[in-house]
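What follows is a set of notes on a single structure, which appears directly below.
The values are calculated or read from the model by the stated rules, or taken from the named source; none is laboratory data. No experiment lies behind these values; they were computed from the predicted model shown. For neighbour counting, all protein chains shown are included, and Cβ atoms are generated from backbone atoms with ideal geometry for every residue, glycine included. Surface accessibility is based on the protein's heavy atoms, side chains included, excluding ligands, DNA and RNA. Shrake-Rupley method; radii C 1.70, N 1.55, O 1.52, S 1.80 Å.
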Amino acid sequence: MSGKVYPILTSRKLAGKKSFAVLIDPDKISPQRLDTLIKLSLDAKVDFFFMGGSLVLTNNLNESILQIKKSCAIPVVLFPGNPSQLSPHADALLYLSLISGRNAELLIGQHVISAPAVKQSGLEVISTGYMVIDGGAPTTVSYISNAAPIPADKEDIALCTAMAGEMLGKKVIYMDAGSGARMPVSETMIRKVAENISVPLIVGGGIRKPETVYRNGKAGADVIVVGNAIEKEVNLIREIADAVHSVLVSV
Ligand code: 1GP
């Protein structure tokens with residue numbers, strides 16, 4: 001289904017504007033804390049909420065999204081750890097194919113199973129080439145996916161993987177060092193990939209500082225995702241949003 005989120009992503013990219021996505025794990029947030037997070041996000045002009053986690057053990061996904069929808073118009077994008085994490089209340093779904101791995105289940109198998117439910121949900125589906133990059137520690141995503149991440153210093157592998165993803169029709173490329181990664185994706189890798197693809201590039205995993213965010217944006221990331229660091233210190237939202245939005249690129 002078409003929708004509004006992809007046009008926002010592409011028009012912001014065309015205008016040289018960088019976007020900030022706050023990742024919310026519905027397992028880890030109480031309604032009170034979510035309220036605070038929404039207020040701070042509105043104030044800081046956060047561009048997107050990404051919702052999901054590798055596991056999602058509770059049933060809070062729908063409730064959390066409805067709580068967001070009641071209080072603001074920031075688009076909610078599902079970033080699911082598995083195909084059961086669907087909610088018709090979200091604005092869009094990153095339909096992830098793990099193109100960095102060689103696990104057929106995560107490349108196509110789970111999609112075959114989830115396709116009818118995804119279609120029925122009416123969600124805007126954004127076909128996503130998902131690349132896990134080694135972040136210096138085994139993260140949940142690398143364990144669950146049972147697929148080796150791309151080594152952090154192998155920029156050429158990342159580049160060719162992203163190019164292949166784009167040519168196979170992926171609408172966005174997401175480079176993820178994994179939640180809580182020790183080392184975020186390097187600027188060298190981001191730059192190399194960004195210079196060679198034209199679809200929006202999402203980068204996340206282990207990003208904790210506004211300086212990193214700024215440099216990632218300068219290197220070519222179009223959307224920067226932060227989860228863990230904000231879970232620990234919600235007031236970081238403002239500093240990180242300002243850093244993302246201060247990146248100026250000529251287009
Ligand atoms: C993980 O890209 C996201 O999939 C965000 O990672 O939680 O480390 O910010 P963090």
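Values for this structure:
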| item | result |
| --- | --- |
| Accessible surface of K4 - all protein chains present, 1.4 Å probe, nearest 10 Å² | 100 |
| Above-threshold pairs, the threshold being 26 Å between Cα atoms, out of K119/K171; K4/K28; K170/K209; K17/K154; K154/K209; K4/K70 | K4/K28; K170/K209; K17/K154 |
| ³J(HN,Hα), Karplus 6.51/-1.76/1.60, whole Hz, each residue of region 124-133, x for Gly, Pro | 5, 9, 10, 5, 10, x, 9, 10, 8, 10 |
| Residue order for Y95, Y130 - accessible surface, 1.4 angstrom probe, largest first | Y95, Y130 |
| Relative contact order computed over region 5-245 (Cα-Cα under 8 Å; 6+ residues apart), in percent | 20 |
| Listed residues I108, I230, I150, most fluctuating in the chain (Gaussian network, C-alpha, under 10 Å) | I108 |
| N62/M163 FRET efficiency (R0 30 Å; Cβ-Cβ; nearest 0.05) | 0.20 |
| Cα Rg over Rh - region 1-76, Kirkwood | 0.99 |
| Region 68-84 - phi-based ³J(HN,Hα) in whole Hz, Karplus 6.51/-1.76/1.60, Gly and Pro as x | 5, 4, 5, 10, 7, 9, 5, x, 9, 10, 6, 10, x, x, 7, x, 7 |
| GNM result for the chain, Cα springs below 10 Å: residue of G206, G122, G109 fluctuating most strongly | G109 |
| Heavy-atom accessible surface of the chain: percent carbon and sulfur, 1.4 Å | 57 |
| Heavy atoms of M175: accessible area, 1.4 Å probe, square angstrom to 10 | 0 |
| Å² of accessible area per residue within the chain, as computed with a 1.4 Å probe and no ligands counted | 46 |
| Convex hull volume per residue in cubic angstrom - Cα atoms of region 5-245 | 108 |
| MRE, 222 nm, helices only [DSSP H, n ≥ 4, -39500 (n - 2.57), over the chain, to nearest 500] | -11500 deg cm²/dmol |
